[in-house]
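In what follows, a structure is listed as structure tokens, so that the remarks can point back to it.
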Amino acid sequence: MSGALLDPTVAVDAHAGERLASEPVIWLGTVAPDGRPHTVPVWFAFDDPIVTIFSRPDTAKIGHLRANGAVSIALDTAGQGADVVTGGGDAVLSELARVEDALDAFGRKYAPMLGDQPLDAWLMTFSQPIVVTLDRLVAWRSTANGLEYRSLPSRE
């Protein structure tokens, strides 16, 4: 596993990390065979720099990932467009047995949304794990002191 991208001692990084841990939906962008982007909202678990997603195995995004693992991610903007987290990296299709820690975190995060449905029943439909290793994150937000901006890794 690669090292973390976010530095929790930096305010904008800590804020981005909190959003990545708590937001219910992230937008996943894949590349179709004709080169066109394909973006879909997905549930996810975040463990810097890893994003784990569970999908139905018969979706377009899975077909795209079989041919090209390049992906983008983006959270919905908050703060009327002044609170942004985007990124990119490479995705691989995995197996449930290889993502047990992420599955536990995912189950805790989405238990309120699943209601009475057990996670095991939900996984019968969304059985294909996708593991994204982020190699880039960009975050910015407006504060009373001005714009906080980070592009990671730093290009110093």
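Rule-based calculations on the coordinates, nothing more; no lab input. Since this is a predicted model, take the numbers as computed values, not measurements. Positions of Cβ are backbone-derived with ideal geometry, glycine not excepted, and every protein chain shown enters the neighbour counts.
For the range 91-144, what does the alpha-carbon gyration tensor say about shape, rounded, prolate or oblate, given a ≥ b ≥ c as the root eigenvalues, a/c under 1.5 as rounded, and a/b over b/c as prolate?
Values: a/c = 3.08, a/b = 1.44, b/c = 2.14.
Cα axes put the range 91-144 in the oblate bin.
Would you calculate, for the chain, the mean residue ellipticity at 222 nm contributed by helices, counting each DSSP H stretch of 4 or more residues as -39,500 (n - 2.57) and dividing by all residues, to the nearest 500? Don't skip to the end; give the middle numbers.
Working: 4 runs with 42 residues, N = 156.
That calculation yields -8000 deg cm²/dmol at 222 nm.
Report, to two decimal places, the Cα Rg of the range 11-141 normalised by 2.2 N^0.38 Å (N = number of residues).
Details: Rg = 14.5 Å, N = 131, 2.2 N^0.38 = 14.0 Å.
Here the Cα radius of gyration is 1.03 times the empirical estimate.
Quick check: net charge around Ile26, other residues with Cβ under 13 Å of its Cβ, Lys/Arg +1 and Asp/Glu -1?
Values: positive: Arg19, Lys61, Lys109; negative: Glu23, Asp76.
Net charge in that neighbourhood comes out at +1.
For a quick protection proxy, order the peptides 31-39, 87-95, 134-142 by their average other-Cβ count within 10 Å, most packed first.
On the way: 31-39: 11.1, 87-95: 16.6, 134-142: 18.6.
Averaged packing, sorted descending, gives the order 134-142, 87-95, 31-39.
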